[in-house]
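K.L.:
Dropping a structure here in structure tokens format, bear with me for questions.
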Amino acid sequence: MRINKTLFAALALSTTLSIHGQTNELVIQTKKLGAEIQPTMYGLFFEDINYGADGGLYAELVKNRSFEFPQNLMGWKTFGKVSLQNDGPFERNPHYVRLADPGHEHKRTGIENEGFFGIGIKNNAAYRFTVWARLPEGGTASKIRVELVKPNSMGEQHAFATQNLVIDSKEWKKYQVILKAEKTEPKSILRIFLDSPTTVDLEHVSLFPVDTWKGHENGLRKDLAQDLADIKPGVFRFPGGCIVEGTDLETRYDWKKTVGPVENRPLNENRWHYTFPHRFYPDYFQSYGMGFYEFFLLSEEIGAEPLPVLSCGLACQFQNEDASAHVALCDLDSYVQDALDLIEFANGDASTTWGKVRAEMGHPAPFNLKFIGIGNEQWGPEYPEHLEPFIKAIRKAYPDMKIIGSSGPNSEGDQFDYLWPEMKRLKADLVDEHFYRPESWFLSQGARYDNYDRKGPKVFAGEYACHGKGKKWNHFHAALLEAAFMTGLERNADIVHMATYAPLFAHVEGWQWRPDMIWFDNLNSVRTSSYLVQQLFATNKGSNALTLTMDMDKKNVTGAEGQNGLFASAVWEASNSSYIVKVVNTTDKAQPITLNFAGMNKKEVLTGGTCIKLRAADINADNTLENPQAIAPQESTITIEGNVYNTELEPYTFAIYKFSKK
Ligand code: AHR
């Protein structure tokens, strides 16, 4: 029997109407495909804030491994005869420690490291201890004992993993031993005893889990990298943020210092150690152990386009009003050269100077860099002035490279209004916008990009998050409003080419900024509802935008007056011929919804319906390390009659409806 689809639809619609009164009819135009959704949607923004790198994603467990913190023994305790030396084998990290006989057989010499908020050790896992060492006074051999220790233990033994290491050379050499733990201990320490009368020198004392992300020795924490991969990100922006600019030029992120052997990468200040005195972390530095090579590699391994951001020669403008703090235009050449060299590092073959560095680090093939950001949150005429020489030089040497400029630190206002036309004048390819804003802002910005200039640069929503008014902690309501806002990014796929939530990571004992997407301690991590929203968008992004409007007035569904707090967008996914509709109910009332797939011809049938919903029992709460699954997407099968689907969307709910076309 041939079913009349229109009749079915009308019947189904009248049922909804009679139960709930006026439905919210969302009409999806299926006939005409809209703009292509860019492969760079949706992405990740990484910055070493909240112990995101050292003490976080970077799996090194020893703090101040090269004894280069300004207080050289910060993070260490010494006992017996330990002295600090400064003529070590690594030019840019000259300090090391000398361990000498304590002078009595019942006395001990050694050092202990406290790690980052302790050292997290997992039961049955193997840990690679490495150290550069030598016998400065000669001798055939000396012995050190390496232990993982739980100092406040009531047990007979403090140590729960022990290995001996023989140092056998007068010359500096790298030694390695594997420690295996038979218990889980989130807050242990690393202790090293000198176990022989012969003096030893120790430098670059390091401890990594053997089981890192993809098994790299200078690797990343597997669980945290997996969190990133599971988003299926389209782009990976690094290394910041304000970190790019530096509190002063000397402490800006200098990518050239972050490549080559890790032992010789110099220490940098981390501005987040002191930026907020109310959350002050005097032991927060950047080892650069996770540097630009590691960022490019990670981008490749998680399938994201790498997007490095470089200093444009302006130190952080929030912290430096005086022009003398910045690079004068006449002195900008070395900064511009850094950008050109970075492109060569990423894409040049092994015969080029910087391509050779990359190849020697283990990646002879190019990283295929396509995008580069110049400057972070800059403003005023000095920004375009500084940006222009970069654009000219990059365009000349690499005409295909896409250059990203900035619209400053605010989502609107004088600086923003000044910089957008400037970016257009300079022909930046994309403009990076930042907005950390309250609920009211997110509710009012559903149509933000609907009327943007289509002839100018594309948009990169490079840092954004809903900061609840009086509720700065992660909670579901903020994530829900981010989802509502993101329907506007999706609808405007022709102009919005990238979007990255910020910040990404936060250690529960070491954060300076919240909300954040992923929280972690020394052993575990938790995906917040903001993470889940990003993931749901990224894994249901579709290949083309579709026009979706609300019944009567044919307006985009942006939470506007008369739209009952609804936000919605729709896409077509060509790979499996499906329609994906995202609807966000931002109100405390259930909303009757009708999805009307208009323009389908008679032979086309919609089948295989799936609905994914993200809701929370308490919209002011979120997933936590203690309860990581409190909020999770719920998937169910749904049935569509003809080309119309009627349903009811619960209060405060983000829903994704998917139907295949046969
Ligand atoms: O994400 C935290 C900070 O917010 C970034 O470093 C900066 O770009 C913005 O102000």
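The values are calculated or read from the model by the stated rules, or taken from the named source; none is laboratory data. Note that the structure is a prediction, hence the values are computed from the model and not measured. Cβ placement follows ideal geometry from the backbone for every residue including glycine, while neighbour counts extend to all protein chains displayed.
K.L.:
Can Thr140 be described as surrounded by fewer than 20 Cβ atoms within 10 Å (Cβ to Cβ), in the same structural domain as Ile189 (by TED's automatic domain parsing), farther than 28 Å from Glu509 by Cα and hydroxyl-bearing (Ser, Thr, Tyr)?
P.N.:
Numbers: surrounded by fewer than 20 Cβ atoms within 10 Å (Cβ to Cβ): yes; in the same structural domain as Ile189 (by TED's automatic domain parsing): yes; farther than 28 Å from Glu509 by Cα: yes; hydroxyl-bearing (Ser, Thr, Tyr): yes.
Yes; evaluated as a whole, the condition is true for this residue.
K.L.:
So how many residues does segment 142-194 have that are part of a strand (DSSP E or B) and more than 30 Å from Pro94 (Cβ to Cβ)?
P.N.:
8
K.L.:
Here is a follow-up. Condition test on Asp494, is it surrounded by fewer than 19 Cβ atoms within 10 Å (Cβ to Cβ) and farther than 24 Å from Pro239 by Cα?
P.N.:
yes
K.L.:
Might you let me know whether segment 109-128 holds any residue that is at positive phi, without any contact (Cβ under 8 Å) to a residue 60 or more places away in the chain and more than 34 Å from the chain's Cα centre (by Cα)?
P.N.:
The answer is no; no qualifying residue exists.
K.L.:
Return the total of residues in segment 631-650 being over 20 Å from Glu25 (Cα atoms) and touching a helix residue (DSSP H, G or I) at 6+ places or on another chain (Cβ under 9 Å).
P.N.:
Number satisfying all stated conditions: 3.
K.L.:
Right, here's the next one. Among the listed residues Phe238, Phe280, Phe292, Phe208, identify the single one that is farther than 30 Å from Val459 by Cα, of a type outside the set (A, V, I, L, M) and touching a residue at least 12 places away in the same chain (Cβ under 8 Å).
P.N.:
Values: Phe238 fails: farther than 30 Å from Val459 by Cα; Phe280 fails: touching a residue at least 12 places away in the same chain (Cβ under 8 Å); Phe292 fails: farther than 30 Å from Val459 by Cα.
The conditions single out Phe208.
K.L.:
Filter segment 223-262 for residues that are more than 16 Å from the ligand (Cβ to nearest atom), more than 14 Å from the chain's Cα centre (by Cα), more than 30 Å from Gly110 (Cβ to Cβ) and part of a helix (DSSP H, G or I) and give the result.
P.N.:
Leu249, Glu250, Trp255, Lys256, Lys257, Thr258
K.L.:
What do you reckon, is Arg514 among the basic types (Lys, Arg) and either more than 15 Å from the ligand (Cβ to nearest atom) or over 19 Å from Asn627 (Cβ atoms) (or both)?
P.N.:
no
K.L.:
Right, something else. Output the qualifying pairs, or none if there are none: Cβ atoms under 7 angstrom, residues six or more apart or on different chains, first residue in segment 601-628 and of a type in the set (S, T, N, Q), second residue loosely packed, with under 11 Cβ neighbours inside 10 Å.
P.N.:
Thr607/Lys662; Thr610/Thr637; Asn623/Gln629
K.L.:
Just give me the residues in segment 553-570 being outside any loop (DSSP other than H, G, I, E, B) and under 14 Å from Asn596 (Cα atoms), in sequence order. First the steps, then the outcome.
P.N.:
To start, the set of residues in segment 553-570 that are outside any loop (DSSP other than H, G, I, E, B) comprises 555-556, 558, 566-570.
Passing the criteria: Ala568, Ser569, Ala570.
K.L.:
Filtering segment 488-502 down to residues that are in contact with a strand residue (DSSP E or B) (Cβ under 7 Å, 6 or more places away or on another chain) and assigned to a loop (DSSP other than H, G, I, E, B), which residue is nearest to the ligand (Cβ to nearest atom)?
P.N.:
Within segment 488-502, the match that is nearest to the ligand (Cβ to nearest atom) is Ala502.
K.L.:
Scan segment 93-116 for residues that are touching a strand residue (DSSP E or B) at 6+ places or on another chain (Cβ under 8 Å) and not in a strand (DSSP E or B) and jot them down. Break it down into steps so the answer makes sense when it comes.
P.N.:
Quick first cut of segment 93-116, residues touching a strand residue (DSSP E or B) at 6+ places or on another chain (Cβ under 8 Å) only: 93, 95-103, 108-116.
Selection gives Asn93, His95, Asp101, Pro102, Gly103, Arg108, Thr109, Glu114, Phe116.
K.L.:
May I pose another question? Considering each residue of segment 38-92, count those that are more than 19 Å from Lys222 (Cβ to Cβ), within 30 Å of the chain's Cα centre (by Cα), more than 16 Å from the ligand (Cβ to nearest atom) and in a strand (DSSP E or B), and give that number.
P.N.:
Residues flagged as more than 19 Å from Lys222 (Cβ to Cβ), within 30 Å of the chain's Cα centre (by Cα), more than 16 Å from the ligand (Cβ to nearest atom) and in a strand (DSSP E or B) within segment 38-92 amount to 1.
K.L.:
Could you look through segment 74-97, keep only residues that are touching a residue at least 40 places away in the same chain (Cβ under 8 Å) and surrounded by fewer than 17 Cβ atoms within 10 Å (Cβ to Cβ), and pick out the one that is nearest to Leu148 (Cα to Cα)?
P.N.:
Restricting to residues being touching a residue at least 40 places away in the same chain (Cβ under 8 Å) and surrounded by fewer than 17 Cβ atoms within 10 Å (Cβ to Cβ), the top hit is Met74.
K.L.:
Please go through segment 517-540 and give me each residue that is more than 16 Å from the ligand (Cβ to nearest atom), surrounded by 22 or more Cβ atoms within 10 Å (Cβ to Cβ) and part of a loop (DSSP other than H, G, I, E, B), ordered by number.
P.N.:
Within segment 517-540, Asn522 is the sole residue that qualifies.
K.L.:
Among the listed residues Glu482, Glu463, identify the single one that is within 16 Å of the ligand (Cβ to nearest atom), surrounded by fewer than 24 Cβ atoms within 10 Å (Cβ to Cβ) and part of a helix (DSSP H, G or I).
P.N.:
Glu482 is the lone residue from the list that is within 16 Å of the ligand (Cβ to nearest atom), surrounded by fewer than 24 Cβ atoms within 10 Å (Cβ to Cβ) and part of a helix (DSSP H, G or I).
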